[in-house]
Every structure is written in structure tokens, then in C-alpha cells.
Amino acid sequence: MSRLVKEFVKGLWAELPPFRVLLGLCPTLAVTSTAENGLGMGMAVIFVLTMSNLIISCIRKIIPAKVRIACFIVITASLVVTVELLMQAYAYPLYQKLGIFVPLIVVNCLILGRAEAFASKNGVILSIADALGMGIGFTVSLTFLGAMREMLGSGTVFNHPVMWDSFEPAAFMVMAPGAFVGLGVILAGMNAFNRYMSRKKGETPPGVMNSSCASCGACGGVNGGLENLNGK
């Protein structure tokens, strides 16, 4: 049970996909002009990630190693088509807003990364816990970034006014540059918080996991952190 909880909670902070291991940045930057868009994309990713982890974990022993990536993509693509059809039937306005980024879930590095690094090596229950933790962390991240950009760029959150009457929106926040600004502010804030907590506990400040080990996370970011701290 302790490992089950560990695999679930790691995606909520320690390996938070877009802000800690920098996975799934394309939809993170592209669709988060509003909180609604971020939540919608996140929910779609939760479904695809959970179901793909479940299926891949069930059949991992019969997938030939040489074609495993192709098999992972076929499974993910089938699930994405299901999500597309469901969104067209029950959430068409949201589907129109997300546009091409719904089918592009197929090549989301978060989906393939968890399939390769975790689901293909672990049992069904652990794989589901991993997927749910990562998916929820991804959804919260996109929704938070979308809410911040929408609030500063339009004065609303989920289309409800939240700012004072004389507030002047910074329109660029709901445009492409605003995505990078918002991401940078969040990353800086999280890094500052982590360093503050480390100093408070008398520990060495953690490094940032680099792209070479982001899809794995088996070392908990230790290797990536050491490389960054050493300037490699």
C-alpha cells in the first residue's frame, strides 16, 4: 500500500509533469489561455494516460521489445480517437477551442514517457496509480496556468469576473508570449519554494531534473539535479 500511495502522489509535486520534469509542454503552452481549456485538456489526458497505462501493463509481456514504441502509439491513438468522438458529441465548443491539440495527445511525451518508463515494467494497479497521479498533476498544472493567464489577461476565471472594476487586463497574457511568461513565473516560484524548504530543513537545495532523464524519474531527479548543479 505504501508504494501504491508513493506512485500516486509523486505526480502531484515531486514529478509534477509540466513544472518539475517538463513533460507535455506543448499543450501546456498552447491551450492554457483560459482555465476551462486547461481543465478540458487535462481531463482528456487523464483518460488517455490511465487507459493506456492499464492496457500496456496488461499486455506488456506479449509486446515484442523491438516494436514496443509502435504498439504504444497504436494503443494511445485508439484512445485519443475515442476522446475526440466523445468531445465532439458532448463538449463540442471545448473541442473547437482545443483544436488540433486533441489529436496531438497521441504524441504527448507524457503519455509515451509513462508507458515506456513505468507501465511496460510494472503491474496494473501500480500503473493505474502512476497514471492517475501524473494525470491529475498535469490537469491541475494546466488549469492553474490557464486561470492565471485568464485572470491577468481578461480579468476572469472560468469566464467569471474576479478582478476589480478599474482593472486593466494585460492582453498579452492570453496570447502566445503570456504562456511563456506564466510558465517562467511558476517555475521560478516553485524553485524558490523548494530551495526555501531545503534551507529550512538544513538540506542541500535540490537541482532541476534535466531532459535526458525527465521521462524516467527512476532516480527521483538526483542524477539530473547533480548534472545541473555541476554545470554539465
Quick check: residue separation of Lys201 and Tyr90 times 0.36 nm, minus the Cα distance between them. What number comes out in nm? 35.1 nm
Give me the aspartates and glutamates in straight-line cross-link reach of Lys121: C-alpha distance below 17 Å, same-chain residues under 8 apart excluded. Glu7, Asp130
Net charge of neighbours whose Cβ lies under 13 Å from the Cβ of Met175, counting Lys and Arg as +1 and Asp and Glu as -1: 0
If each residue of separation counts as 0.36 nm, what is the full-extension length gain between Val140 and Ala192 once their alpha-carbon separation is subtracted? 16.7 nm
A convex hull over the alpha carbons of the chain yields, per residue, a volume in Å³ of 145 Å³
Just to be sure I understand the model, the point goes 7 Å from the Cα along the line to the Cβ. What's the resulting Thr156 to Lys61 distance in nm? 5.4 nm
Give, as ranges by residue number, the residues of region 30-66 whose backbone N falls under 17 Å from the point 7 Å along Cα→Cβ of Val181. 30-35
Per 0.36 nm of contour for each residue apart, how much would the distance between Lys121 and Met163 grow if the chain were fully extended, relative to their Cα-Cα spacing? 10.3 nm
Can you classify region 48-94 as rounded, prolate or oblate using the Cα gyration tensor, where a ≥ b ≥ c are the square roots of its eigenvalues, rounded means a/c under 1.5, and otherwise it's prolate if a/b beats b/c and oblate if not? prolate
With Cα springs under 10 Å, the Gaussian network model of the chain assigns the largest mean-square fluctuation among Thr50, Thr139, Thr156 to Thr156
Going fewest to most other Cβ atoms within 10 Å around each Cβ, Arg60, Arg195, Arg20 line up as Arg195, Arg60, Arg20
Need the C-alpha centroid separation for region 88-151 versus region 1-72, integer Å. 5 Å
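Read-outs: derived from the displayed coordinates by stated rules, not from any lab. The structure presented is a predicted model; accordingly, all values stated were derived computationally and were not measured. Note that we place each Cβ from the backbone using ideal geometry, even for glycine, and neighbour counts take in every protein chain shown.
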